[in-house]
Amino acid sequence: MHNPAEQFTFLDVPEQDVKDHFQYANAKKSAWAQILASLMQNWLFIEIGLELVMPTVILGSLHNNPAEPLNMNDDQASWFGSIPDFCFPIGSLTSGLLQDKFGRKGAMMLVNIPIFMGWMILYFAESIHALYVVSVIMGLCTGLAEAPLYAYIGEIGEPRLRGTLSTTSTSCFSIGICTMFLFGYLFDWRTVALVSSLCSIITFTFMTQLPESPTWLILRGRLDEAKKSLCWLRGWVSSAEVEPEFLSLVKYTVKSARLSRENSAYSSLPIKEGEPVAKRGGFLKEQLKELTNKRTFRPLRLMFIVFIITDIAWVYGIKPYFVKELRMLESPIDPNLALVS
């Protein structure tokens, strides 16, 4: 079958041919397919929520608790609660490399492996150093997971659904936080780790059923796979039904690649099956160059300011010590129950 993508090059992509909306015969079926993909993906958001407040639950059980063999003093508790925040930016900076190499779906699947190992190490932990290792793993994995999560949801959704799907993802993040606090109230800390590890298994299983991002597949020159993925995401329709959107998506991807790089990182040869659109040099060199671009640096600077103000307003630094603080305030109800509410 003739591949329509071979009809154009990087230099002959008319801007007016690129559309952002297509109406399918069964719009509800298309919407349900995207919602299903989002719900399966959102299990990883729940996992991130679990990881984010894991130190709060663990320190609530181990900090200055002589009844526990792994009783933590103030210095040890401070390290355990702070390590994830130090490791998170490192994971975020390397997440681009992971999803660039393995794809959005591949990156989301792979990150579940160290997360599961982290929960198991926590469950069998017999020393403070083992707890530090868990903090490192959870901090890195939280950073590694976020980039492919948000990239995937942005690339699979139709414009009319993209905002709604993103909102549900944020809601699942909050569900993960509340679930961890509930676990902390219902179970001891080792059982919390064991139960939380089940989420990694569920998430990995769901990820195996997800289609890969069509955009990433196009960038890799895997056009047939990209079309099959788009068929899945638009309601398990035939190739003929997604042909207009697929062709427009290929054109848009090529146009974006052409506008994003003014050097030789992208070739001007026709797109062919199996031939990557992106012909990159060193990954880190390319990313550093993009970060120093004014177009990227200005909004990044604004985001830094917003995050700093938000964290200060939220008093983010006391998050791992919520249980201890409530006890010091002589809360009339169980501090773990108070966190759930």
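Restricting region 124-160 to residues that are in contact with a Leu (Cβ under 8 Å, 6 or more places away or on another chain) and of a type in the set (V, I, T), which is farthest from M207 (Cα to Cα)?
My answer is I128.
Here's the yes/no breakdown for (1) surrounded by 20 or more Cβ atoms within 10 Å (Cβ to Cβ); (2) within 17 Å of the chain's Cα centre (by Cα); (3) outside any helix (DSSP H, G or I):
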position	(1), (2), (3)
V192	yes, no, no
V195	no, no, no
S200	yes, yes, no
I218	yes, no, no
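Here are T179, T170: which of them is modelled with pLDDT under 90 and closer than 26 Å to N336 by Cα?
After applying the criteria, what remains is T170.
Is at least one residue of region 221-236 under 30 Å from Y123 (Cα atoms) and within 24 Å of the chain's Cα centre (by Cα)?
No, region 221-236 has no match at all.
Just checking: which of the helices (runs of 4 or more DSSP H) contained wholly in region 252-333 hold 2 or more residues that are open to solvent by 50 Å² or more (accessible area, probe 1.4 Å) and either touching a Lys or Arg at 6+ places or on another chain (Cβ under 7 Å) or modelled with pLDDT under 75 (or both)?
Hits in region 252-333: 283-291, 294-314.
For S82, are the conditions met, namely being within 12 Å of the chain's Cα centre (by Cα), assigned to a helix (DSSP H, G or I) and among the polar types (S, T, N, Q)?
Here the answer is no, as S82 does not meet what is asked.
Let's see how each residue does on (1) open to solvent by 20 Å² or more (accessible area, probe 1.4 Å); (2) out of contact with any helix residue (DSSP H, G or I) (no Cβ under 9 Å at 6 or more places or on another chain); (3) farther than 30 Å from N26 by Cα:
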{"residue": "F102", "(1), (2), (3)": "yes, no, yes"}
{"residue": "N112", "(1), (2), (3)": "no, no, yes"}
{"residue": "I115", "(1), (2), (3)": "no, no, yes"}
{"residue": "E126", "(1), (2), (3)": "yes, yes, yes"}
{"residue": "I137", "(1), (2), (3)": "yes, no, yes"}
{"residue": "P148", "(1), (2), (3)": "no, no, no"}
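Give me the residue from region 167-188 that is buried (at least 18 other Cβ atoms within 10 Å of the Cβ) and among the aliphatic types (A, V, I, L, M) and, out of that set, farthest from N42 (Cα to Cα).
Selected residue: M180.
The values are calculated or read from the model by the stated rules, or taken from the named source; none is laboratory data. Model, not experiment: these values are computed from the prediction. Every residue, glycine as well, gets a Cβ built from its backbone with ideal geometry; the counts of neighbours run over all protein chains shown. Note: accessible area is taken over every heavy atom of the protein model, side chains too, but ligands, DNA and RNA are not part of it. Shrake-Rupley method; radii C 1.70, N 1.55, O 1.52, S 1.80 Å.
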